[in-house]
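The structure under discussion appears below in the form of structure tokens.
The values are calculated or read from the model by the stated rules, or taken from the named source; none is laboratory data. From a predicted model like this one, the values you see are computed outputs, not experimental measurements. Note: ideal-geometry Cβ built from the backbone for every residue, glycine included; neighbour counts use all protein chains shown. What goes into the accessible areas is simple: the full protein's heavy atoms, side chains included, and nothing from ligands, DNA or RNA. Shrake-Rupley method; radii C 1.70, N 1.55, O 1.52, S 1.80 Å.
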Amino acid sequence: MTRKQDALKHFKQVDPHFHKATRAHHSSLPGALVGKKTHAQLFESLVSTVISQQLGLAAADAIFFRVKKVCKGQLVPKLVLRTPSAAFRKAGLSGAKIKTLKSIAIAIKNKSLNLLSLKKVSEAEAAEQLMRIWGVGPWSAEMFLMFALGRPDVFSAGDLGLARAIEAIYKLPKNTPHTSLLAISKKWSPHRTYASLLLWRTRDKS
């Protein structure tokens, strides 16, 4: 049985309402969350996640392309550190995001952060290590854990799309507290990443 099948079986058992409300999107779920990634690929993914903060997909993609270009096509820590802040600003990054990218690069250079090792610790510990970096908050850590590391049990209560999807499915008031969203998500553990993918799909199709 694949991880996807395990997740869907779990949702049907512990939360039949959620399982039924998301049934139209079950077939679109990937069988596995992500493939293996190198440290370089994980660094690039984390840079992309930071750039995406509070931006739409098209804008984030455009800025990411320009940032990679000013780093000579190689998004690696040493080039991020060597690239002048002015070049990053011209590419569309805010001062805060420039500081975050350089802080990540420094942490990797001095070995206080090892992105590959985050696969071997709990989701909570991995998120905590990421959030020690200046400018990396819960949302960025959670998105990285889901989409770069493929950690299976991640839910982001601060993500607006997930919040609105839960409110719609359970007929909750707008701006339901994060604590309530987290309480609902606990039923889906240890498959909350798959649950999140389903929730986003209900928003995409709404």
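Got a number for carbon plus sulfur as a percent of the stretch 64-206's accessible area, 1.4 Å probe?
Numbers: 4150 of 7190 Å².
Carbon with sulfur: 58 percent of the solvent-accessible area.
What does a probe at Phe65 reach in the stretch 73-99, counting residues whose amide N is under 19 Å from the point 7 Å along Cα→Cβ? Once the point is set 7 Å along Cα→Cβ of Phe65, 73-75, 88-94 turn out to lie under 19 Å by backbone N, inside the stretch 73-99. Cβ-Cβ distance of Ser28 and Leu160, R₀ of 30 Å, FRET efficiency by 1/(1 + (r/R0)^6): the value works out to about 0.90.
A value for Kirkwood radius over Cα pairs in Å was derived from the coordinates, and within the list [x] 17.3; [y] 18.1; [z] 20.6 it appears as [y].
Mind checking the full-extension length gain between Leu81 and Glu128? Use 0.36 nm per residue of separation minus the Cα-Cα distance, one decimal, nm. Before the final figure, lay out each step's value.
Details: separation 47, 0.36 × 47 = 16.92 nm, distance 2.35 nm.
Between Leu81 and Glu128, full extension yields an extra 14.6 nm.
Model label sites at Val121 and Gln74, defined 7 Å from Cα along the beta-carbon direction, differ in position by 2.9 nm.
How long is the gain from Thr38 to Asn110 if the chain were fully straight, where each residue apart is worth 0.36 nm and the alpha carbon distance is subtracted?
Working: separation 72, 0.36 × 72 = 25.92 nm, distance 1.85 nm.
That pair, Thr38 and Asn110, stretches by 24.1 nm at full extension.
Before rounding to the nearest 500, sum -39500 (n - 2.57) across all DSSP H runs of length at least 4 in the chain and divide by the residue total; then give [θ] at 222 nm in deg cm²/dmol.
On the way: 12 runs with 125 residues, N = 206.
Rounded to the nearest 500, it is -18000 deg cm²/dmol.
Would you mind counting up the charge near Glu125? Only other residues with Cβ under 13 Å from its Cβ, with Lys and Arg at +1 and Asp and Glu at -1.
Details: positive: Lys119, Lys120, Arg132, Arg151; negative: Glu123, Glu128, Asp153.
Here the count lands on +1.
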